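Let me begin by presenting the structure, written as structure tokens, before commenting on it.
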Amino acid sequence: MNGREAISTLLIVLVVFSYIGITMAEPVEKVRVIVTIDKSNFNERVVEKVGGQVKIRYKIIPAIVVELPESAVKHLEKAKGVVRVEYDGEIHILGRPITQPPQTIPWGIERIKAPDVWQITAGASDGVIEVAILDTGIDYDHPDLQDNIKWGISVLRGRISTNPRSYIDRNGHGTHVAGTIAALNNDIGVVGVAPEVEIYAIKVLGNGGIGSWSDLILGIEQALLGPDGVLDADGDGIIVGDPDDDAAEVISMSLGGSSAPDSVHDAISEAYQLGVVLIAAAGNEGAEYPSYPAVYLEVIAVGATDIDDQVPSWSNRHPEIVAPGVDILSTYPDNTYKELSGTSMAAPHVSGVVALIQAVYYNNYGTVLPVGTEDDLTTDTVRGILHTTADNIGDSIFYGYGIVRADLAVQAAIS
Ligand code: CA
Ligand code: CA
Ligand code: CA
Ligand code: CA
């Protein structure tokens, strides 16, 4: 093909395309009508004559369906043998739309006023603030949790495994705790205190809810090492709040025992020195003091309150702070939800608030707040903020500094 032939071929193609373009740009609007006829008097050819096409010929009624230009309808109506012309219309299923039960905000989440800060904390914790939940594992594919489970590991009986089957929760306790901290803010189920925070599922308790101190130490160690298995990947001496590291900033322990080996305290002290905020359930024995590890000064011991702000008789005395822990609705394995009671349910409310505090602080200042001490009353540390912003409504023997307040704590952290 020479140059001239090529140009004329191109021109022909262009002409053909522009012609197609014109015809397609002006489609004739066609309508469907149901035409009732007097069969003895009607000849189908009139349909063609007015520019229509017969689409259906009924057998049980004297009628046909015709597709024709809208403008031709009036001509068809006047045709011989046509009794009636009716426009076709739309029908639809009569089942009522299936509505998911809307998301419920559990009373404890409302009580500590967590929803008030979700706008402030939105997007603040991305990739830096993680909460390690040391428990019976987590149902990691629960639709109200899945997106927040960043990593999981089992350390049961000293054997470390990151196979998801090893840390799945066959008890329900760990999944419930996880939901109070970080159930997703969507249109299903419940919502947690910190619905955007990322979670590490560290299984230190077996499916019967029982474990050993040696496994707890291993679980604390894994929370510090994180998924990459290294304490300080960039060697800058900073572990928590370091985007180059993956250590958990918060360790949540809804577990305890009546006494513990000193090596447990050593591991807890190590995590505390590195700047990890440790939170534990005070225990449910109605005892004078929290159980281990909550009783250690480095650990925030959390007691329970009910919907009337009362401390139940079983919540151990002398907590550092209290939080909702009676009839708490949260996530449960196999895509379900359940109400449970215990200081195990109270502790994750505080863990969630600490995650919110560290997330907004990091977002504003590029670092996290120091942990602080059990008697701190400044607003320069996590514990100081928790202490000074709690609802101080009763005897400290029962309430400690009071009922945790997410809204006031977050405001204090960024002011
Ligand atoms: Ca939800
Ligand atoms: Ca690491
Ligand atoms: Ca580092
Ligand atoms: Ca981290």
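Bear in mind that the values in this text are calculations on the coordinates, not laboratory data. None of these values were measured; they are calculated from a predicted model. FYI the Cβ positions are ideal-geometry reconstructions off the backbone, even for glycines, and counts take in every protein chain you see.
Helix 3-25 versus the longest principal axis of the chain: what angle, 0 to 90°, nearest 10, using Cα atoms?
Value to nearest ten degrees: 90.
Determine which lysines satisfy two conditions relative to K59: a Cα distance under 28 Å, and not lying fewer than 8 residues away in the same chain.
Partners found: K30, K39, K49, K74, K78, K80.
For a test of the definition: using alpha carbon positions, the gyration tensor, and the 1.5 limit on a/c, classify the range 119-232 as rounded, prolate or oblate.
It is oblate, given that a/c is not under 1.5 and a/b is not larger than b/c.
In nm, to one decimal, how far is the modelled label at N41 from the one at E110, with both set 7 Å along Cα→Cβ?
Label-label distance for N41 and E110, simple model: 7.1 nm.
Could you please rank V371, V250, placing first whichever residue has the fewest other Cβ atoms within 10 Å of its Cβ?
On the way: V371 23, V250 31.
With the sparsest Cβ surroundings first, the list reads V371, V250.
With an 8 Å Cα cut-off and a minimum separation of 6 or more residues, compute the relative contact order for the range 30-88 in percent.
Details: 109 pairs, mean separation 30.0, N = 59.
Answer for the range 30-88 is 51 percent.
Quick one: helix 173-182 against the long Cα principal axis of the chain, what's the angle to the nearest 10°, folded into 0 to 90?
Its long axis makes an angle of about 70 degrees.
Could you give the size of the charge dipole of the chain about its Cα centre, using +1 on the Cβ of each K and R and -1 on the Cβ of each D and E, expressed in debye and rounded to the nearest 20?
3380 debye
Loop by DSSP (not H, G, I, E, B), at most 10 other beta-carbon atoms within 10 Å: where is the longest site-free stretch of the chain for trypsin sites (Lys or Arg not before Pro)?
160-415
What whole number of Å gives the distance from the Cα centroid of the range 325-395 to the Cα centroid of the range 258-273?
The two parts, judged by their Cα centres, are 21 Å apart.
Straight-line reach only, C-alpha to C-alpha below 16 angstrom: list the aspartates and glutamates that K338 could link to, leaving out same-chain residues fewer than 8 apart.
Within the straight-line cut-off, K338 pairs with D139, D144, D169, D327.
Just rank E196, E374, fewest to most, by other beta-carbon atoms within 10 angstrom.
Ranked by crowding around the Cβ, least crowded first: E374, E196.
Rounded to the nearest 0.05, what FRET efficiency is calculated for Q310 and S396 with R0 set to 22 Å and r the Cβ-Cβ distance?
E between Q310 and S396, to the nearest 0.05, is 0.90.
Hey, what do the phi angles of the range 258-275 turn into as Karplus ³J(HN,Hα) couplings, whole Hz, using 6.51/-1.76/1.60 and θ = phi - 60°, x for Gly and Pro?
Listing the rounded values in order: 7, 8, 8, x, 4, 5, 5, 4, 4, 5, 5, 4, 4, 4, 4, 4, 7, x Hz.
Which residue, I268, I129, N41, has the largest displacement toward the positive end of the dipole of the chain when charges sit on each Cβ (Lys, Arg +1; Asp, Glu -1)?
Ranked along the dipole, the leading option is N41.
Specify the angular offset, from 0 to 90 degrees and rounded to the nearest 10, of the alpha carbon long axis of helix 343-365 from the longest principal axis of the alpha carbons in the chain.
In the chain, helix 343-365 runs at an angle near 80 degrees to the longest axis.
For a quick check: sort S40, S396, S252 by the number of other beta carbons within 10 angstrom, fewest at the front.
S40, S396, S252
Under a point spin-label approximation (7 Å from Cα along Cα-to-Cβ), what is the H92-D327 distance to one decimal in nm?
Each label point is offset 7 Å from its Cα along the Cβ direction, giving 4.0 nm.
Once the piece of chain linking K80 and A287 is laid out straight, how much longer is it, given 0.36 nm per residue of separation minus the C-alpha distance between them?
Extending this stretch completely gives an extra 64.7 nm.
Mind listing the phi-derived Karplus ³J(HN,Hα) values for the range 400-410, rounded to whole Hz, using 6.51, -1.76 and 1.60 with θ = phi - 60°, and x for any glycine or proline?
Couplings: x, 7, x, 8, 4, 10, 4, 5, 5, 5, 5 Hz.
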